[in-house]
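**Student:** There's a structure below that I have some questions on.
The values are calculated or read from the model by the stated rules, or taken from the named source; none is laboratory data. Owing to the predicted nature of the structure, the values given are computational and were not obtained by experimental measurement. FYI the Cβ positions are ideal-geometry reconstructions off the backbone, even for glycines, and counts take in every protein chain you see.
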Amino acid sequence: MKATSNQSDYVVIKAMDDGVNVIGLTRGTDTRFHHSEKLDKGEVMIAQFTEHTSAIKIRGKAKIMTSMGEIESEHK
């Protein structure tokens with residue numbers, strides 16, 4: 001996946017266990033949570049960095065795929 005700027009980068013998150021939390025964080029002077037989802041094993045979420053989303057936090061075991069490569073998060 002090729003993107004022209006980081007504001008259009010997509011992230012694919014696949015839950016490897018039940019209860020994976022995906023949390024969107026805001027852009028600006030104060031970083032705040034603005035959206036969260038809970039994924040169960042096998043569920044996939046496609047997220048996009050936007051003018052409002054500057055970071056995505058993932059809790060739980062998941063496979064994360066980006067234009068930069070692939071990584072797996074671990075259990076707490």
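**Student:** Could you check the stretch 28-65 and list, in sequence order, the residues that are out of contact with any Asp or Glu (no Cβ under 7 Å at 6 or more places or on another chain), of a type in the set (D, E, K, R), assigned to a loop (DSSP other than H, G, I, E, B) and in contact (Cβ under 8 Å) with a residue 24 or more places away in the chain?
**Tutor:** Across the stretch 28-65, the qualifying residues are GLU43, GLU51.
**Student:** State all residues of the stretch 50-69 that are under 14 Å from ASP9 (Cβ atoms), at pLDDT 90 or above and within 12 Å of the chain's Cα centre (by Cα); if no residue qualifies, say none.
**Tutor:** ILE64, MET65, THR66, listed by residue number.
**Student:** Give me a count of the residues in the stretch 55-76 that are crowded, with 16+ Cβ neighbours inside 10 Å and within 16 Å of HIS34 (Cα to Cα).
**Tutor:** 2
**Student:** Within the stretch 29-49, does at least one residue satisfy the condition of being aromatic (Phe, Trp, Tyr), modelled with pLDDT of 85 or more and surrounded by 13 or more Cβ atoms within 10 Å (Cβ to Cβ)?
**Tutor:** Of the residues in the stretch 29-49, the ones aromatic (Phe, Trp, Tyr) are 33, 49.
Retained after the next criterion (residues that are modelled with pLDDT of 85 or more): none.
Within the stretch 29-49 (the criterion being aromatic (Phe, Trp, Tyr), modelled with pLDDT of 85 or more and surrounded by 13 or more Cβ atoms within 10 Å (Cβ to Cβ)), the answer is no, since none of the residues qualifies.
**Student:** Give the residues of the stretch 11-32 that are in contact with a strand residue (DSSP E or B) (Cβ under 7 Å, 6 or more places away or on another chain), of a type outside the set (Val, Ile, Thr) and more than 15 Å from GLU72 (Cβ to Cβ), sorted by residue number. If you could, list the steps in order and put the result at the bottom.
**Tutor:** Keep residues of the stretch 11-32 that are in contact with a strand residue (DSSP E or B) (Cβ under 7 Å, 6 or more places away or on another chain), which gives 11-16, 19-27, 31-32.
From the residues that got through so far, the ones that are of a type outside the set (Val, Ile, Thr) too are 14-16, 19, 21, 24-25, 27, 32.
Once the filter is applied, which keeps residues that are in contact with a strand residue (DSSP E or B) (Cβ under 7 Å, 6 or more places away or on another chain), of a type outside the set (Val, Ile, Thr) and more than 15 Å from GLU72 (Cβ to Cβ), the stretch 11-32 yields GLY19, ASN21, GLY24, LEU25, ARG27, ARG32.
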